[in-house]
Amino acid sequence: MLGTKCYIDGSARDRALDSMESLIENDIGELTVSWGIDIRDDAFIHVTLTGADATAASNLLAETWGEIHASTERTDGEIYIGTLDSWDESGWTLDVGGEYVMIPASELGLGQGSPTQVRDRFGIVQHTPLRFIAGETPRLADSTRDQLYEWTRETGAGRVNVNSATRGEVRATINRAGHADDIVTVDRLGLLEQSVICTEDTDPPGLIASIGSYIRAELKCVLT
């Protein structure tokens, strides 16, 4: 079970699955393996692998997307992945395959402010894959903290993070809104979670205002 979800419906869901199929083809297409993709009731993507290279393919997909582990499979002190489900004054709740892991506010490690304020400051949209360290009191993994801090320190004006759309759809939306020259690239965070890197001359809140009418999604900005 991959550490990314498909939570949209209708034709958009079909397009997302086509995109997932292409991404998996890119990851493991050269191996001797066949695969099938299913979406579980909790929206996580499950890939069935068969063939001589099934183990190698599984390892490659887990490295690229992360792998969801049930609580019975998790070991204290080890790093696992979940997706941001909800947040309140107590902390962030991650969806780990129909189970939920609460990262307390004290264990986010992302500076001052309430969990909601921290989410806003780092522009984290719902369903973003995040890594955590399992234990009696789970905490956000150092690799995830480092990634989020890097967003606020990198060259350029900042980022716009988007959910509910594939990377191709986000690129097409930006082009349709006339902002192709205002971005550097679009980083893929998950199947339906993207991070748009803005040029130095681009105003991330202004980009949100411009593309918001073209896309049904949560959009949040990160300022550098």
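General remarks:
- Shape call, region 117-166: gyration tensor on alpha carbons, a/c limit 1.5: oblate
- The helix-based estimate of mean residue ellipticity at 222 nm for the chain, built from -39,500 (n - 2.57) per DSSP H run of four or more residues and divided by its residue count, is -9500 deg cm²/dmol to the nearest 500.
- Cβ charges +1 (Lys, Arg) and -1 (Asp, Glu), total dipole of the chain, debye: 500 debye
- The spacing between region 66-124 and region 1-59, judged by their C-alpha centroids, is 24 Å.
- Top of I68, I39, I174 by mean-square fluctuation, Gaussian network on the chain, Cα under 10 Å: I39
- Heavy atoms of the protein chains alone define the surface here; on that basis region 95-221 has 43 Å² accessible area per residue at 1.4 Å probe size.
- A dipole drawn for region 133-224 from +1 and -1 charges on Cβ atoms has a positive end, and of N163, L189, S143 the residue lying farthest that way is N163.
- One entry in [x] 27, 24, 15; [y] 45, 18, 17; [z] 41, 19, 15 is semi-axes √(5λ) of the Cα gyration tensor in Å calculated from the shown coordinates; its label is [x].
- Extension reserve of the A62-D41 stretch, reckoned as 0.36 nm per residue once the Cα distance is removed: 5.5 nm
- Placing pseudo-labels 7 Å out from each Cα toward the beta carbon at T116 and T185 gives an inter-label distance of 3.6 nm.
- Estimated from the Cβ-Cβ distance and a Förster radius of 35 angstrom, the FRET efficiency linking S11 and A70 is about 0.60.
- In region 65-154, chymotrypsin sites (Phe, Trp or Tyr not before Pro) in a DSSP loop with at most 14 other beta-carbon atoms within 10 Å: none
The values are calculated or read from the model by the stated rules, or taken from the named source; none is laboratory data. Note that this is a predicted model, so its numbers are computed, not measured. When we count neighbours, we look across all protein chains shown, and the Cβ atoms used for this are built from the backbone with ideal geometry, even at glycine. Accessible surface areas use protein heavy atoms only, side chains included; no ligands, DNA or RNA. Shrake-Rupley method; radii C 1.70, N 1.55, O 1.52, S 1.80 Å.
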